[in-house]
Amino acid sequence: MRKLLVTGGAGFIGANFVHYWKEKYPDDEIIVLDLLTYAGNMANLQGLERESDYRFVHADIVDQDAMTSLFVEHRIDTVVHFAAESHVDRSIHEPDAFIQTNVIGTHNLLRAAKQVWLDIDNAPSSHRFHHVSTDEVYGTLGRDDPAFCETTPYAPNSPYAASKAASDHLVRAYHHTYGLEVTTSNCSNNYGPYQFPEKLIPLMIVNALTGQSLPVYGDGSNIRDWLYVEDHCRGIDLVMSKGTIGETYNIGGNNERANIDIVKDICARIDAVFEKHPEHAEAYPDAPAANGTPTESLITFVKDRLGHDWRYAIDAERSESELGYAPIESFDTGLDRTISWMLENESWWRSVTDGSYRDWLETNYD
Ligand code: NAD
Ligand code: DAU
């Protein structure tokens, strides 16, 4: 039985990972550590209500003492590190929190892990620090460039990407210098349930349902490689169970799409769902689809993101051949699942975006 610390476990991917892990390894003990920033919501862990499902620690990874005590108190032997500031646009406007959490916070966790796992006597016999990172550390690609592989040189372009690159280097250094048993995964764009509606796919769905414009940056030609979040969780599991200590693995969806095509695809799917299920018109009267107007009419081209990376694409060959990784969900089924989930979970996205979740939080957490 492992004692797993999941940092950022109330965020989008972290929460999906906790759901995934609890189902696959019900005997493992899970400690969810999260600061509950705007992006972290206890509601993301709904359905895991039994006391044995997980223990929650409300803390900041920037707080070094709290991190060391946590490792000692809970006798953690495995860390899966998701906690981060994750939105590129926010990093452009306010980079400080990205440096604090992604760089200093990651270093604090590594330092706590080293202290407790390597420097004191009754350390757990085996340990693992798995670091969850991004393909953005590799920079941007042109149309004909080969996809990013594990040996692609780092060339981060946004403050977010630079902070994640720094954290990746620290993880590597703690292995090389001190022998900490680490693995790292670099993944492409995720989508699915519980994604905060500031990222492209959930933002477009929420705006389409509420009749707000669909802001496409620049000319919409930028390309991302999309992966359903459960496939990412499965990939991390494979890296943790079969990956070589000290190595990094790329995880992707083999699914490159231009932003404008994604937005148009979402619009068409929403139109079709409203046509098939007229009851949605009652629930979402402000959606153009509620009165037969094409959702595409909401698309608005807006000023481009500063330093906007043009194309990301992951070459996951190493994960495929060494770990047996392959995404299961197709984009077609994954996007339908995501739209259905958003239609069925209006209270979730309203509460995380309109602030009412914060009121609940204040009465339940200090
Ligand atoms: P998210 O923003 O949805 O969640 C981040 C979580 O971290 C939140 O719950 C937040 O409260 C918590 N957090 C933030 N600062 C903290 C701090 N100082 N101390 C403790 N907790 C803190 O992010 P996500 O999309 O779920 O991404 C999770 C991880 O995966 C990140 O490391 C990100 O870089 C990486 N990643 C994301 C994607 C993607 O497409 N979303 C792709 C590849 C890699
Ligand atoms: O590639 C992995 C990364 O994917 C993760 O490391 C990040 O945490 C995650 O946020 C994501 O970064 P992106 O910047 O690619 O994702 P985002 O959803 O913000 O934007 C996707 C694309 O859509 C990007 O080209 C910008 C564009 N976009 C985004 C928003 C929010 C728009 O055109 N309009 C929008 O309103």
>> Check which residues have an amide H placed less than 5 Å from Asn190's amide H, if you skip close sequence neighbours.
In response: Leu227
>> Given a 10 angstrom Cα cut-off, can you work out which residue in Glu346, Glu282, Glu29 is the most mobile in a GNM of the chain?
In response: Glu282
> What's the center-to-center distance, using Cα atoms, between the range 324-352 and the range 201-216 in Å?
Replying inline: 15 Å
> Rg to Rh for the chain: what is it, with Cα atoms only and Rh by Kirkwood?
Replying inline: 0.96
> For the range 1-150, max minus min Cα coordinate along each principal axis, in Å, sorted largest first?
Replying inline: 50, 38, 31
> What is the gain in length, in nm to one decimal, between Asp336 and Ala43 on full extension, counting 0.36 nm per residue of separation less the C-alpha to C-alpha distance?
Replying inline: 103.3 nm
>> How many angstrom lie between the Cα centre of the range 150-177 and the Cα centre of the range 63-128?
In response: 15 Å
>> Give me the one-decimal nm value for the distance between modelled label points at Cys149 and Tyr25, 7 Å along each residue's Cα-to-Cβ direction.
In response: 3.0 nm
>> Using a 7 Å offset from the Cα along the Cα-to-Cβ direction at both Ser241 and Asn345, what is the distance between the two label points in nm, to one decimal?
In response: 2.5 nm
>> For the full complex of protein chains and a 1.4 angstrom probe, list His130, His93, His277, His107 by accessible area with the highest value first.
In response: His93, His277, His107, His130
>> Hydropathy at least -1.0 by Kyte-Doolittle, axial extent at least 27 angstrom from the Cα trace: which helices of the chain, defined as entire DSSP H runs, fit?
In response: 159-178
> Using a basic spin-label model with each label point 7 Å from the Cα along Cα→Cβ, how many nm lie between Asp261 and Asp89?
Replying inline: 2.3 nm
>> Among Val182, Gln46, Cys233, whose Cα projects farthest towards the positive end of the dipole of the chain, with charges put on the beta-carbon of Lys, Arg (+1) and Asp, Glu (-1)?
In response: Val182
>> Once neighbouring chains are kept in place and the probe is 1.4 Å, which whole percent of the accessible area of the range 63-160 is contributed by carbon and sulfur?
In response: 49 percent
> Of all DSSP beta bridges in the chain, what percent run antiparallel (nearest 5)?
Replying inline: 10 percent
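The values are calculated or read from the model by the stated rules, or taken from the named source; none is laboratory data. This is a predicted model, so every value here is computed, not measured. We place every Cβ from the backbone using ideal geometry, glycine too, and count neighbours over all the protein chains shown. Side chains included, ligands, DNA and RNA excluded: accessible areas come from the protein's heavy atoms. Shrake-Rupley method; radii C 1.70, N 1.55, O 1.52, S 1.80 Å.
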